[in-house]
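A.B. asks: Dumping the structure here so I can ask a few things about it.
The values are calculated or read from the model by the stated rules, or taken from the named source; none is laboratory data. Here the structure is a predicted model, which means the values were calculated and not measured. Heads up, the Cβs are rebuilt from the backbone with ideal geometry, glycines too, and the neighbour counts pull from every protein chain shown. Side chains included, ligands, DNA and RNA excluded: accessible areas come from the protein's heavy atoms. Shrake-Rupley method; radii C 1.70, N 1.55, O 1.52, S 1.80 Å.
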2 protein chains.
Amino acid sequence: MTDPKPYFEAHVFCCTNRRPDGHKRGSCAAHGSEKLRDYMKARARELGLDGKVRINSAGCLDRCELGPTMVVYPEGVWYTYHSPADVDEILDTHLVKGGRVERLMLDTDQRELRPEQAG
Amino acid sequence: MTDPKPYFEAHVFCCTNRRPDGHKRGSCAAHGSEKLRDYMKARARELGLDGKVRINSAGCLDRCELGPTMVVYPEGVWYTYHSPADVDEILDTHLVKGGRVERLMLDTDQRELRPEQAG
């Protein structure tokens, strides 16, 4: 049996977990992920991506030190993002054009943000 | 540039969206998804899947009529599940052994549960 074809062309999960202020790992919501997730949803709609791309909130993705984090499936590419401009770049380059925003991508074994990624 | 290797071998998202009682689309939380998600997380830990498989909550996955729903990435396989026994079968067959629980799988164009899927 073959798996059914994808329900969404791309499925994005934005961590919106919130920890108490001062927690040593921080949290994506404490770094503003909820507003950025709202912006991403609205911009995806404006770009006509509805039905092809789904933007979802998710619980803790467990890469808190790199947050706010998001992951795009099925390709499994992770990003950090800190501003509406970052969101626009990810939407346009990755989700519309199928490219990658290398500056914001997270490596598999990455444990802290690179200088060019810091918000 | 090649995409980094997967951070998780399998990444599971369980819809825990809740709509008000009586909403015509229903919602996964109204069908018990939160308790089943908790059970899934605990069982995955007991099975030693931590670090390889991540079980997350997600906002509305927009397949409410088929809920509770979950999706497993990167393969993009969707399931409906209604009991701890369903969760156990998905964990053991799909996430431990790499197979599929065909009875609970959702087709791409499916709009209502099949008789054998009803909870």
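A.B. asks: In chain B, what cysteines have no partner Cβ closer than 4.7 Å?
C.D. replies: So far as the 4.7 Å Cβ criterion goes, B:C14, B:C60, B:C64 stand without a partner in chain B.
A.B. asks: B:T108 label points, 7 Å along Cα→Cβ, one per copy: pairwise distances from this copy to the rest in nm, shortest first?
C.D. replies: 2.8
A.B. asks: Along the charge dipole of the protein assembly as shown, which of B:Q110, A:P68, A:P6 sits closest to the positive end, that is, farthest toward it, with unit charges on the beta carbon of Lys, Arg, Asp and Glu (+1, +1, -1, -1)?
C.D. replies: Result: A:P68.
A.B. asks: Nm distances between the label at B:E75 and the same-position labels in the remaining copies, 7 Å along Cα→Cβ, shortest first?
C.D. replies: Ordered by increasing distance: 2.3 nm.
A.B. asks: Further question on the same structure: On C-alpha positions alone, give me the angle between the axis of helix A:33-46 and the longest principal axis of chain A, in degrees, nearest 10.
C.D. replies: Value to nearest ten degrees: 20.
A.B. asks: Can I ask one more? What FRET efficiency, computed as 1/(1 + (r/R0)^6) with R0 = 35 Å and r the Cβ-Cβ distance, is obtained for A:D50 and A:R103, rounded to the nearest 0.05? List each step's numbers first, then the result.
C.D. replies: On the way: r = 27 Å, r/R0 = 0.77.
Result of the calculation: an efficiency of 0.85.
A.B. asks: Hand me the tally of lysine pairs in the stretch B:10-113: alpha carbons under 24 angstrom apart, and the pair either on different chains or 8 or more positions apart. Kindly include the intermediate steps, with their values, before the conclusion.
C.D. replies: Values: B:K24/B:K35; B:K35/B:K52; B:K41/B:K52; B:K41/B:K97; B:K52/B:K97.
For the stretch B:10-113, the number of qualifying lysine pairs is 5.
A.B. asks: Considering protein heavy atoms only and a 1.4 Å probe radius, which residues within the stretch B:62-95 exhibit an accessible-area decrease of no less than 20 Å² in the full assembly relative to the chain by itself?
C.D. replies: Listed in order, they are B:D62, B:R63, B:Y73, B:P74, B:W78.
A.B. asks: Rounded to the nearest 5, what % of DSSP beta bridges with both residues in the stretch B:10-113 are antiparallel? Before the final figure, lay out the partial values.
C.D. replies: Numbers: 9 of 15 bridges.
So the antiparallel bridges amount to about 60 percent of the total.
A.B. asks: What is the sum of charges around B:L36, taking Lys and Arg as +1, Asp and Glu as -1, for the other residues whose C-beta is under 14 Å from the C-beta of B:L36?
C.D. replies: Combined, the nearby Lys, Arg, Asp and Glu give 0.
A.B. asks: Sketch the reach of a paramagnetic label on B:E9 as a point 7 Å from Cα along Cα-to-Cβ, and name the residues of the stretch B:27-49 whose backbone nitrogen lies under 15 Å away.
C.D. replies: So the set is B:44-49.
A.B. asks: So what is the accessible area of the stretch B:54-114 per residue, in Å², with the probe set to 1.4 Å?
C.D. replies: 35
A.B. asks: Run lengths n ≥ 4 of DSSP H only: what is the helix-derived mean residue ellipticity at 222 nm for chain A, with -39500 (n - 2.57) per run over all residues, to the nearest 500?
C.D. replies: -5500 deg cm²/dmol
A.B. asks: So, one more: DSSP loop trypsin sites (Lys or Arg not before Pro) in the stretch A:2-108 with at most 16 other Cβ atoms within 10 Å of their Cβ, which ones?
C.D. replies: A:R18, A:K24, A:R25, A:K52, A:K97
A.B. asks: Hey, if you drop one equal point scatterer on each alpha-carbon of chain A and run the Debye formula without solvent, what base-10 log of I(q)/I(0) do you get at q = 0.16 Å⁻¹?
C.D. replies: -0.72
A.B. asks: Take every DSSP beta bridge with both residues inside the protein assembly as shown and express the antiparallel ones as a percent of the total, to the nearest 5.
C.D. replies: So the antiparallel bridges amount to about 60 percent of the total.
A.B. asks: What relative contact order, as a whole-number percentage, does chain A give when Cα pairs under 8 Å and 6 or more residues apart are counted? Working shown, then result.
C.D. replies: Details: 174 pairs, mean separation 33.0, N = 119.
Value for chain A: 28 percent.
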